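Undergrad: Pasting a structure here, questions to come.
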Amino acid sequence: MNIKIQKNVLLAPQTTFKIGGEAKFFIEVFNDDNIIEAVQYAKDNNLKIFILGGGSNVLISDGGFDGLVIKIKNNGIKINDCEIECDAGVSLINLVNFSVKNGLAGLEWAAGIPGTVGGAIRGNAGAFGGEMKDSLVEIKFLNIKKDPLEMEFCSNEQCKFDYRSSIIKNNTDLILVSAKFKLKKGIAYESEKVVKETINKRLEKQPTNPSAGSFFKNPRIDKQEIIEKFESDMGMKMRGGQLPAGWFIDDLGFKGKKIGGAQVSEKHANFIINAGDATAEDIIILSSFLKQKVRDTYGIQLEEEVSRIGF
Ligand SMILES: Cc1cc2nc3c(=O)[nH]c(=O)nc-3n(C[C@H](O)[C@H](O)[C@H](O)COP(=O)(O)OP(=O)(O)OC[C@H]3O[C@@H](n4cnc5c(N)ncnc54)[C@H](O)[C@@H]3O)c2cc1C
C-alpha cells in the first residue's frame, strides 16, 4: 500500500475554525491512485468516509469523526493557452495567482478565499459577483459507490451548479479530483491590481479571527415589507432575489453576541468566530439561537452554508 494511514488525528488544526475532535483514521492523498487506494481501504474496512479540503467551510464535532478522513492534497496545475487544468487539492489562492501570473483573467474575484479548488467547486464558491461555475469547463471525479473505482468526467452543465451548490455537494459519494477552467486573455498587471483591491475589500469587511467564512446562506426573500425595510435601511437594492443573512442578524442587534467561545463578529454579522476557546457545541447553540430569533421576527429560516461533520 502506498498510502500512510494515521490513527486518532486531531482535526481542529486542519480547519480555519480551529474546532473539532479526532478522526479515527486519517489519510493524505496526493494523486489519483492514492485517492482510489484510500477509498478502497475504507470500503474493505467498512469505514465511513469524509473528504477534507482546506477545512475552511466545515464545523467538525467535538467528538470528531468515527471513520476515515481523506485529505485531498493533489497539487498539479498546468496551462494550455486559455485553459488551466488544476487538481482539487490546489489552494484557490494559488489557482488565482497562477492564472494572473500567466496573463489570464476571470478568477480575480476569488482572491483571498481560503480552501482548495475542490471545496470551492463543490460549494460553487462566489464573491463580488463571480462564481466558480463561470469559468469551469469540466471536472474529473470518483464515485465511491462504483465498482470498479474509476475516474469519470462531467461538464459544467452536468455539474448542476446553483447558489453555493453543485452535483458534488448534493451527492456525498462523489470526490472531486481535478477540474479544467477556461479563462480570458488578460493583462497581468491589471489583474494583479484587481486581486489586490479584492483582498483589501475582504480585509475591510471581514474579521480575521478563526471562522468558517459566511456561516449562513443568503436567504431568498419574496416578502415585500422585508425587502422595503432592507432597501430603505441600507440605501441599496436587493440583488438576485436574496438578502444578506448578516443583515437580519445585525438588524436584531446581535453583532458581538457571545455564547461560550462562539461569537457573532462585530465586523460582519454573518461571521461566527471562534473567540478563543469555542467548542463545536458553542457554535451550534449560537447558530440555533440566531436562526430562532430570525425565524420569530421575520418568518425567515436561515440555512447554514458551513458543512457539519461528525454530528
Ligand atoms: C475567512 C473566510 C472567507 C471566506 N470567504 C468566502 C467567500 O467569499 N465565498 C465563498 O463562497 N466562500 C467563502 N469562504 C468559505 C470557504 O472558504 C469556501 O467554501 C471554500 O471553497 C471551501 O473549500 P475547502 O477546501 O476549505 O473545503 P472544506 O472546508 O475542506 O470542505 C467543505 C465541504 O466540501 C467537501 N469537499 C472538499 N473538497 C472536496 C472534494 N475534493 N471532493 C468532494 N468534496 C469535497 C467537504 O467534504 C465538505 O463537505 C470563506 C471562508 C473563510 C474562513
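The values are calculated or read from the model by the stated rules, or taken from the named source; none is laboratory data. Note that the structure is predicted; figures quoted are calculated from it, not measured. Cβ: placed from backbone, ideal geometry, glycine included. Neighbour counts: every protein chain shown.
Undergrad: Please go through (1) part of a loop (DSSP other than H, G, I, E, B); (2) more than 12 Å from the ligand (Cβ to nearest atom) for residue 56 and return the number of the only condition it doesn't satisfy.
TA: Only one criterion in (1) part of a loop (DSSP other than H, G, I, E, B); (2) more than 12 Å from the ligand (Cβ to nearest atom) is unmet by residue 56, namely (2).
Undergrad: So, one more: Can you tell me which residues in segment 225-257 are within 16 Å of the ligand (Cβ to nearest atom) and either buried (at least 19 other Cβ atoms within 10 Å of the Cβ) or of a type in the set (Ser, Thr, Tyr) (or both)? Before the answer, list the steps.
TA: Keep residues of segment 225-257 that are within 16 Å of the ligand (Cβ to nearest atom), which gives 239-240, 242, 244-246.
Selection gives 244, 245, 246.
Undergrad: Ok, one more. Is it the case that some residue within segment 72-83 is under 20 Å from residue 214 (Cα atoms) and in a strand (DSSP E or B)?
TA: For segment 72-83, residues under 20 Å from residue 214 (Cα atoms) and in a strand (DSSP E or B): absent.
Undergrad: Turning to a different aspect of this structure: Among the residues of segment 268-311, how many are within 11 Å of the ligand (Cβ to nearest atom), outside any strand (DSSP E or B) and not polar (S, T, N, Q)?
TA: So the answer is 3.
Undergrad: Can residue 173 be described as more than 10 Å from the ligand (Cβ to nearest atom) and outside the structural domain of residue 53 (by TED's automatic domain parsing)?
TA: So residue 173 does not fit the description; no.
Undergrad: Restricting attention to segment 270-284, which residues are buried (at least 16 other Cβ atoms within 10 Å of the Cβ) and without any contact (Cβ under 8 Å) to a residue 24 or more places away in the chain?
TA: Residue satisfying the conditions is 282 alone.
Undergrad: For residue 222, are the conditions met, namely being away from the ligand (no atom under 16 Å from the Cβ), at pLDDT below 95 and exposed (fewer than 14 other Cβ atoms within 10 Å of the Cβ)? So that I can check it myself, show each step before the final result.
TA: Numbers: away from the ligand (no atom under 16 Å from the Cβ): yes; at pLDDT below 95: yes; exposed (fewer than 14 other Cβ atoms within 10 Å of the Cβ): yes.
For residue 222, the condition - away from the ligand (no atom under 16 Å from the Cβ), at pLDDT below 95 and exposed (fewer than 14 other Cβ atoms within 10 Å of the Cβ) - is met.
Undergrad: Can I ask one more? Being closer than 30 Å to residue 261 by Cβ, buried (at least 17 other Cβ atoms within 10 Å of the Cβ), among the small types (Gly, Ala, Ser) and more than 12 Å from the ligand (Cβ to nearest atom) is the requirement here; does residue 135 meet it?
TA: Against the criterion (closer than 30 Å to residue 261 by Cβ, buried (at least 17 other Cβ atoms within 10 Å of the Cβ), among the small types (Gly, Ala, Ser) and more than 12 Å from the ligand (Cβ to nearest atom)), residue 135 does not qualify.
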